[in-house]
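Contents: one structure, followed by commentary.
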Amino acid sequence: MSVVISPSLLAADIGNLSEELALLDQYGIPVLHIDIMDGHFVPNMSFGPDQIKMMRSLCKAEFDVHMMVQEPDRYIPAFVDAGADRITIHVEATTHVHRSLQLIASYGKKIGIALNPGTPVDMCKHVLGMVDIVLVMSVNPGFGGQKSITDMLGKIEELAQLKEQHGYSYTIQVDGGINQSNIASFVEAGAEDIVMGSAIFQKGRTEENMKAFENWLKS
């Protein structure tokens with residue numbers, strides 16, 4: 001199983017953003033994870049479409065837009081226009097999740113569904129066949145730098161079993177508190193795309209951290 005590490009923009013040094021993003025291209029990082037927070041679905045606010053559009057020319061990586069927003073259908077077209085390559089919405093954030101996923105698909109973008117720590121896999125079981133990504137939150141969303149919730153390993157294992165049983169093609173992504181000390185346990189459980197914020201982006205150490213995880217992936 002191949003594993004991808006997706007740096008999370010939320011932890012980047014915004015004051016030196018162009019340099020941070022240039023490092024992603026230098027190391028051939030394929031995906032940049034971008035958290036969108038509206039202050040309602042989660043108790044924090046972050047980037048909007050205008051900021052994403054401005055960053056698009058600074059980085060070659062795929063933009064993996066994780067929408068932690070209530071009623072995401074209102075904003076999906078704007079993020080498509082801003083340059084999103086993948087759009088992930090939360091099953092908890094929309095009444096008509098199937099319709100929301102269809103909306104993403106209508107723009108030809110990769111489709112993701114996300115689960116908060118307290119949300120069981122059963123909540124998205126009937127849409128697993130139509131998604132490209134299933135994002136397991138290993139922290140309660142809204143803030144970076146949290147400690148991972150190890151109980152989420154069982155949820156990842158459950159998604160890996162369903163993927164094998166039904167021949168689904170989704171990638172299992174995990175986000176929250178992943179670092180060098182615990183990444184192996186999440187990969188062993190079945191995670192294929194590891195989102196990392198503060199374990200990658202650290203002032204003066206971003207390049208060093210990228211090298212460390214690059215070496216880990218090769219080992």
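Ranked highest first by average number of other Cβ atoms within 10 Å, how do 33-42, 76-85 line up? Mind showing how you got there, number by number?
Numbers: 33-42: 20.8, 76-85: 18.5.
Going from most to least packed, we get 33-42, 76-85.
Apply the Kirkwood formula to the chain: the hydrodynamic radius equals the inverse of the mean of 1/r over all pairs of different alpha-carbon atoms; give it in Å with one decimal.
After inverting the pairwise mean of 1/r, the radius is 17.3 Å.
Applying a 10 Å radius around every beta-carbon, put 165-175, 64-74 in order of their mean neighbour count, most first.
In decreasing order of mean packing, 165-175, 64-74 become 64-74, 165-175.
Assigning unit charges at the beta carbon (Lys, Arg +1; Asp, Glu -1) and nothing else, what dipole magnitude in debye, to the nearest 20, does the chain show about its Cα centre?
Values: 16 positive and 27 negative charges, 28 e Å.
Charge dipole of the chain: 140 debye, to the nearest 20.
Per residue of the chain, what 222 nm ellipticity follows from adding -39500 (n - 2.57) for every DSSP H run with n ≥ 4, rounded to the nearest 500? Before the final figure, lay out the partial values.
Details: 7 runs with 69 residues, N = 219.
After summing the helix terms and dividing by the residues of the chain, the value is -9000 deg cm²/dmol.
Quick one: Debye curve from the C-alpha atoms of the stretch 75-180, no solvent, what's log10 I(q)/I(0) at q = 0.16, 0.18, 0.20, 0.23 Å⁻¹?
Each listed q maps to, in turn, -0.72, -0.89, -1.07, -1.30.
Between the alpha-carbon centers of the stretch 166-180 and the stretch 84-137, tell me the distance in whole angstrom.
Each part's Cα centre sits 13 Å from the other's.
Can you run the Rg to Rh ratio on the stretch 25-117? Use alpha carbon positions and the Kirkwood inverse-distance Rh.
Using Cα coordinates only, the ratio equals 0.96.
Express in nm, to one decimal, how much length is gained between residue 74 and residue 14 on full extension, taking 0.36 nm for each residue of separation and deducting their alpha carbon distance.
Taking residue 74 through residue 14 to full extension adds about 18.9 nm, to one decimal.
How much length, in nm to one decimal, is gained on full extension between residue 130 and residue 182, taken as 0.36 nm per residue of separation minus their Cα-Cα distance?
Full extension from residue 130 to residue 182 adds 15.7 nm.
Place a point 7 Å from Cα of residue 202 in the direction of its Cβ. Which residues in the stretch 172-188 have their backbone N less than 16 Å from it?
177-183
Give me the number: length gained by fully extending residue 22 to residue 51, i.e. 0.36 nm times residue separation minus the C-alpha to C-alpha distance, one decimal in nm.
Values: separation 29, 0.36 × 29 = 10.44 nm, distance 1.66 nm.
Result for the pair: 8.8 nm of gain on full extension.
Laboratory data are not the source of any read-out in this text; all were calculated from the coordinates shown. Quick caveat, the model's predicted, so the values are computed rather than measured. Note that we place each Cβ from the backbone using ideal geometry, even for glycine, and neighbour counts take in every protein chain shown.
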